[in-house]
Amino acid sequence: MKTKPLGAYGWLLLTMVLWGSAFPSSKFAVEHVPHEVAALFRFGGGAIVLLLITFFRRPQRTPPFKAIVGACVAGLVGVFGYNALFFWGVTMAPASDGGVIFPALTPVITALTLILGGRERARPTRIVGLVIGVCGAALFFVATTVHSGGGSGRLTGDAIFLVGAAVWSVYTLLNRKLVVGMDPVQAVTYSTVAGSLALAVMAAPQFGSVQWGELSGGFWVNAVHLAIGPTAVAYLLYVRGIRDVGASAASVMMFAVPLFSTLFSFAFLGESFTWAQAGAALLMLGGAFLAVVSGHRAAKAATTPQESDGEPAAAPEPATARGPGGSTAPQVREAVAPEVGTS
């Protein structure tokens with residue numbers, strides 16, 4: 001009985017490895033082509049793979065038109081908006097910076113928005129985690145400013161990463177309302193296709209500046225990896241992991257992404273942190289972890305059916321899980337769909 005969850009954690013760990021690899025792989029891509037084209041290669045290729053997977057799966061019921069529109073709108077925000085910023089930021093800042101900022105700050109921004117909007121309770125433990133995360137982010141930017149020696153490129157890139165994390169938080173909140181009544185794989189596919197079409201429009205003017213004949217075999221291998229591994233395969237594995245072990249357990253695994261992204265950035269790009277940046281990054285991740293875990297425990301306690309006057313409590317709303325860069329991926333049920341494309 002325990003082999004299935006154990007195997008599920010293995011697949012989830014592979015998912016985190018794939019998402020961690022996306023940061024240095026994206027950095028490598030933008031060193032060869034404009035960032036608009038690099039984004040299109042990743043998600044356009046991922047959209048093709050997802051369309052093929054959807055085509056060869058068992059026939060699914062046609063989703064409601066409203067759900068299709070919602071998935072497309074979500075894709076415009078989460079795939080197009082977020083990734084336009086991500087690939088722009090990675091042209092100026094190290095991939096390792098993005099690999100820390102996105103997974104750490106997205107859940108912080110999302111939780112702050114929900115609390116300030118009165119949609120979640122401001123529990124003391126969660127507030128402490130959010131404060132730690134925000135302080136860690138401030139220290140990270142100060143350390144980056146000092147380390148850059150007056151150069152504004154890296155700091156600008158990190159600021160773009162911060163805006164991208166905020167955009168992903170908006171997408172997370174929108175996705176809870178927009179994408180309902182859809183099979184999760186269908187929702188991922190519709191969102192990715194819609195976002196990729198918008199990326200294609202943005203990238204089209206840049207095609208003429210690409211030296212197509214000079215692109216190396218390594219570039220194309222990297223492009224295929226980005227499209228298949230971190231984009232198509234990783235999200236499908238994450239959906240499977242949520243189904244097998246639950247959203248809360250899957251979400252905690254997300255905090256392995258910065259570890260893998262930093263290791264890959266060091267191994268393949270020669271990037272590194274200063275001690276000050278590493279300490280600030282640990283503060284960000286520690287605060288985000290505390291906020292996420294305390295939030296899930298509170299949600300679990302609030303949604304546990306209690307008997308009152310002999311009547312069972314109403315069925316709880318599905319829990320949500322943090323996705324790459326802090327997105328939320330609802331548990332796999334017939335009326336929910338996972339988020340797309342955070343790393």
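The values are calculated or read from the model by the stated rules, or taken from the named source; none is laboratory data. This one's a predicted model, so the numbers in the text were calculated from it and none came from an experiment. All Cβ positions, glycine included, derive from the backbone under ideal geometry; neighbour counts span all protein chains shown. Please note that ligands, DNA and RNA were not included when accessible areas were found on the heavy atoms of the full protein model with its side chains. Shrake-Rupley method; radii C 1.70, N 1.55, O 1.52, S 1.80 Å.
Among the residues here, Met254 qualifies as assigned to a helix (DSSP H, G or I), modelled with pLDDT of 75 or more, open to solvent by less than 50 Å² (accessible area, probe 1.4 Å) and touching a strand residue (DSSP E or B) at 6+ places or on another chain (Cβ under 7 Å).
Any residue in the range 57-71 that is buried (at least 24 other Cβ atoms within 10 Å of the Cβ), in a helix (DSSP H, G or I) and touching a Phe, Trp or Tyr at 6+ places or on another chain (Cβ under 7 Å)? Taking every residue of the range 57-71 in turn, at least one turns out to be buried (at least 24 other Cβ atoms within 10 Å of the Cβ), in a helix (DSSP H, G or I) and touching a Phe, Trp or Tyr at 6+ places or on another chain (Cβ under 7 Å).
Among the residues of the range 231-250, not a single one is modelled with pLDDT of 85 or more and not in a helix (DSSP H, G or I).
Given the criteria surrounded by 24 or more Cβ atoms within 10 Å (Cβ to Cβ), touching a Phe, Trp or Tyr at 6+ places or on another chain (Cβ under 9 Å), in contact (Cβ under 8 Å) with a residue 40 or more places away in the chain and aromatic (Phe, Trp, Tyr), does Phe87 qualify? Judged against the criteria, Phe87 is not a match. Among the residues of the range 41-56, those identified as open to solvent by less than 30 Å² (accessible area, probe 1.4 Å) and within 23 Å of Val167 (Cα to Cα) are Arg42, Phe43, Gly44, Gly45, Gly46, Ala47. Hey, does the range 159-179 have a residue that's over 27 Å from Ser265 (Cα atoms), more than 16 Å from the chain's Cα centre (by Cα) and modelled with pLDDT of 80 or more? No, the range 159-179 contains no residue that is over 27 Å from Ser265 (Cα atoms), more than 16 Å from the chain's Cα centre (by Cα) and modelled with pLDDT of 80 or more. Taken over the range 114-134, the criterion of being free of Cβ contacts under 8 Å to residues at least 60 places away in the same chain, open to solvent by less than 80 Å² (accessible area, probe 1.4 Å) and either on the phi < 0 side of the Ramachandran plot or in contact with a helix residue (DSSP H, G or I) (Cβ under 9 Å, 6 or more places away or on another chain) (or both) is satisfied by Leu114, Ile115, Gly117, Ala122, Ile127. Restricted to the range 200-213, and to residues there that are touching a residue at least 12 places away in the same chain (Cβ under 8 Å) and either of a type in the set (Ser, Thr, Tyr) or assigned to a loop (DSSP other than H, G, I, E, B) (or both), the residue that is least open to solvent (accessible area, probe 1.4 Å) is Val210. Within the option set Val100, Val17, Val79, being under 24 Å from Leu215 (Cβ atoms) and under 14 Å from the mean Cα position of the chain (by Cα) holds for one residue only, Val79. All conditions but one from (1) under 28 Å from Thr113 (Cα atoms); (2) small (Gly, Ala, Ser); (3) modelled with pLDDT of 85 or more; (4) open to solvent by 10 Å² or more (accessible area, probe 1.4 Å) apply to Ser216; the one that does not is (1).
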